[in-house]
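Here is the structure we will look at, set down as structure tokens.
The values are calculated or read from the model by the stated rules, or taken from the named source; none is laboratory data. Small disclaimer: the values here were computed from a predicted structure and weren't measured. Neighbour counts run over all protein chains shown; Cβ positions are idealised from the backbone, glycine included.
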Amino acid sequence: MNQNPNSAPHLDEITLLLYVERQLDRQAAQEVSLHTQTCERCLNLLRVLDRESRLLTRSMLEDDEPLPARIAEFQAKVKRSMQWLWGVIFAMALLGVYSLYSFVVEPWQMRLEQAGFGGTNLLSILVFQGAFWKGWQSMYTLVEFVALACSAGFAFFLGRRYLKRGTALALLFASMGFSLLAPVPSSAQGVKVDVDMKNRESLEIPKDQTISKDVYFAGSQLRVDGTVDGDVYAFAQDADISGHVTGDVICFARSLRVSGQVDGNVRAFTNNITLTGTVNKSVLTMNEDARIESSANIGHNLTSFTQILAVDGKIGRDILSMFQEATLAGTVAGNVRARGASLTITSTAQIDGTASFEGEKPAIVASGAKLASPLQYKVLEHKSHREYGFGYFIWRLVWAGAWVLFGLVLISLMPGFAKETIRSAEMYGAPIGLGVLVLPGVAIAALFACITIVGLFVGISTFLLWLVTLFSSFVVVGSVVGRWILGKTDEFWPTIGRMALGVAIVVVASDAPKVGWLITLGIWVWGMGAVAIALYRRLQPIIAPKIPSMPGGPIGTPLPPNTTVAPA
Amino acid sequence: MEPLRPGHLSVPGKTEPTDLIAQARAGDTQAWGDLYREYAPAIFRFCRRALPSKEDAEDATMEIFMKLRDKLVQYDPSRSFSAWLYKVAANHCWDVLRRRRARHDKDMEDVDQLPLETPEPNQLERLIEERSGEEVRKALDKLGARARMALVMRYYSDMSYDEIADAIGVRRPFVGVVLLRARHELRQALGENTSLAAGGTR
């Protein structure tokens, strides 16, 4: 306790506050009054505390906001009327989901299956059919999960100020439900008025026929012998373009054959593509087998991600390709950049620009091949995930971004809980110990719940919670690592910044050769333990607010109303 | 030294409309509507100070008046209507905050256990002089729920220490400590970007 020049102790702030607030009894108040006559410091503090009270009162009473129009009048019925509305919304949402599935998803799925893309889900079919990408289905599903969770979280975050406004939300849901209930024709009919939507098993455009619109086709067989003055979009089992397409050809098919002329680009996501005709612009392919026959002519570039690539034709500009096995026998007017397991350049090949190849073994270059410059060869580094190639690291980047986004959503939605979780993680021992139990324990409990009388719902809910916690563990550990580096903070954006930095570091660390899996396991254990501790604390019942206690502190001991200040 | 003692209503010193209250108690919907228009702005401001968002305050205002209407028959006319009204409002807002477990966010912090530093009067005075009412209201957002509720109850609705103790569930002798800690939190929030944060000699 500080001493004043007359060696009497200064009064505690609480005593002065209680005096200002007129909460001291007469005797204590007199003592304060007497003291402040001789102690300038306490008198000053007393005055400042009083001014602070006035500032507080003035700030509180200022009429800064008028009563909002929404509550300008008493509305006793609002709450009750909402009850049935919520029931309607729920029913509409269910109907909407059912309609979406039965009118849109199911017909498309059937057509895709007819087209040879059976199984799994729509998006993964469209993107991941190529052999090059095999093995990525599970990864993609996880990304989808995170993306959907993030989208939902963001939607909730952005709309949370309106969530309270039942009417707005009710209208939103109801309109969504109604829009989904509106008759949706099978496939994509009626998207545009001028669209010529062909929806049948097979479509043949005869040689003498010209269609002056874009062609959208979903079915089994597509054959274009005539002319399409526009683009062709095809979801088909087999597509054959032997006529003339003035626009682009976008094709998802088991097999695509282009023997005619395409004035625009060809973008093919197929099992195999055979090109014998002319494509005036570029070709992009993602497939298992791509053959550019000797009669084929591509005006611009060829970009391909395939298992087997054979180029016999003429390429007007560059080739960029990733493959398992490739043979180059045609003419390339530009550069060749290739990456894959093996490359053979035959004697008929001609490359006017530079050629580079990154592969597991050197390319076989026939002696008669005409190369403007020697082929540059680089050994494909044997990384731990080399079988996935460059795409793996792209996906790691996407993952890191997804985690940062996921973390942003979590911290935005639950700032208090996030803070507690990070604090729990910083206890180190306890979360790791608990994590060792929780990581396998909850998963086993969920499985047990599913197969016993506890029930599928409880089991699946538990498993989903476990899964979300597993995802969160990177965010939690990343936040702690970020705080190690940049220091602790309680503010929102600095917290996000630290989390982003930390997540980037832990994602890189989890990919370390040999020990990466151990680090990942450690992150799961640590993060999950921290979340478990924070959850446990949250679920503790609040019995009474905590009374502050500060033994020995100058104002720590709560003062009863009759407090007097005794001289030291 | 006379601390400012604000009145219970938004307009200090205004007398209570006893006739209107009596009519509303008797079931007169017109009177209840008038009573709502009379008191709703003050209760909305109370909720606006006590709760984190405007939407929360709007909802709370409506819910408080719904509760008030249902409880109006229990009101003892011999006591202050506005005091009763603020008591219901304070209990409701505290319940809202407690349901959200917002208390954990700040009140569970370790800092709650630490002794407070007595501020340097000159520094504190500068801090007070430099801050506007709007800045103080914004700073309330950074406070823990208990600290915020205590300040609002005390300095907006002028509730007594007994009423505050009753509303936030602490014993009467500790209300002063709660208020002092709340002031310290507020000073810290106000001085976060300056060197004027509370602190000084012990």
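Each residue in the stretch A:272-296 was checked for being surrounded by 19 or more Cβ atoms within 10 Å (Cβ to Cβ) and of a type in the set (S, T, N, Q), and 6 of them qualify.
Of all the residues in the stretch B:132-142, those that are at the interface with chain A (Cβ under 7 Å from one of its Cβ atoms) and in contact (Cβ under 8 Å) with a residue 12 or more places away in the chain number 2. For the stretch A:57-74, filtered to residues that are within 7 Å of chain B (Cβ to nearest Cβ) and in a helix (DSSP H, G or I), the residue that is farthest from A:Glu13 (Cα to Cα) is A:Arg70.
Scanning the stretch A:205-243 for residues that are more than 41 Å from the chain's Cα centre (by Cα) and surrounded by 20 or more Cβ atoms within 10 Å (Cβ to Cβ) turns up A:Ile205, A:Gly243. Among the conditions (1) under 30 Å from B:Lys54 (Cα atoms); (2) more than 7 Å from chain B (Cβ to nearest Cβ); (3) at pLDDT below 75, A:Met1 misses just one, which is (1). Within the stretch B:150-164, is there a residue that is among the polar types (S, T, N, Q) and either assigned to a helix (DSSP H, G or I) or within 26 Å of B:Ser53 (Cβ to Cβ) (or both)? Taking every residue of the stretch B:150-164 in turn, at least one turns out to be among the polar types (S, T, N, Q) and either assigned to a helix (DSSP H, G or I) or within 26 Å of B:Ser53 (Cβ to Cβ) (or both). Among the residues of the stretch B:143-170, those identified as at the interface with chain A (Cβ under 7 Å from one of its Cβ atoms) and over 22 Å from B:Ile128 (Cβ atoms) are B:Arg146, B:Tyr161, B:Ile168, B:Gly169, B:Val170.
Answer yes if at least one residue in the stretch B:73-91 is within 11 Å of chain A (Cβ to nearest Cβ) and part of a helix (DSSP H, G or I), and no otherwise. Checking the stretch B:73-91: not a single residue is within 11 Å of chain A (Cβ to nearest Cβ) and part of a helix (DSSP H, G or I).
The rows are residues; the columns are (1) modelled with pLDDT of 70 or more; (2) buried (at least 18 other Cβ atoms within 10 Å of the Cβ).
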{"site": "B:Ala165", "(1), (2)": "yes, yes"}
{"site": "B:Val170", "(1), (2)": "yes, yes"}
{"site": "B:Val175", "(1), (2)": "yes, yes"}
{"site": "B:Leu180", "(1), (2)": "yes, yes"}
{"site": "B:Arg187", "(1), (2)": "yes, yes"}
{"site": "B:Gly191", "(1), (2)": "yes, yes"}
{"site": "B:Gly199", "(1), (2)": "no, yes"}
{"site": "B:Arg202", "(1), (2)": "no, no"}
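Residues that are within 27 Å of A:Pro374 (Cβ to Cβ) and touching a residue at least 60 places away in the same chain (Cβ under 8 Å) number at least 2 in the following strands (runs of 3 or more DSSP E) confined to the stretch A:261-355: A:302-311, A:319-328.
Only residues that are in a loop (DSSP other than H, G, I, E, B) and either surrounded by fewer than 17 Cβ atoms within 10 Å (Cβ to Cβ) or within 9 Å of chain B (Cβ to nearest Cβ) (or both) were counted across the stretch A:6-56, and they come to 9.
Scanning the stretch B:14-45 for residues that are of a type in the set (A, V, I, L, M, F, W, C), more than 18 Å from A:Ala69 (Cβ to Cβ) and either free of Cβ contacts under 8 Å to residues at least 60 places away in the same chain or within 9 Å of chain A (Cβ to nearest Cβ) (or both) returns B:Leu20, B:Ala22, B:Ala24, B:Ala26, B:Ala31, B:Trp32, B:Leu35. In the stretch A:531-548 there is at least one residue that is modelled with pLDDT of 85 or more, more than 14 Å from chain B (Cβ to nearest Cβ) and in contact with a Leu (Cβ under 9 Å, 6 or more places away or on another chain).
Residues in the stretch A:28-63 that are in contact with a Pro (Cβ under 9 Å, 6 or more places away or on another chain) and of a type in the set (Ser, Thr, Tyr) were compared, and the one that is farthest from B:Pro121 (Cα to Cα) is A:Thr57.
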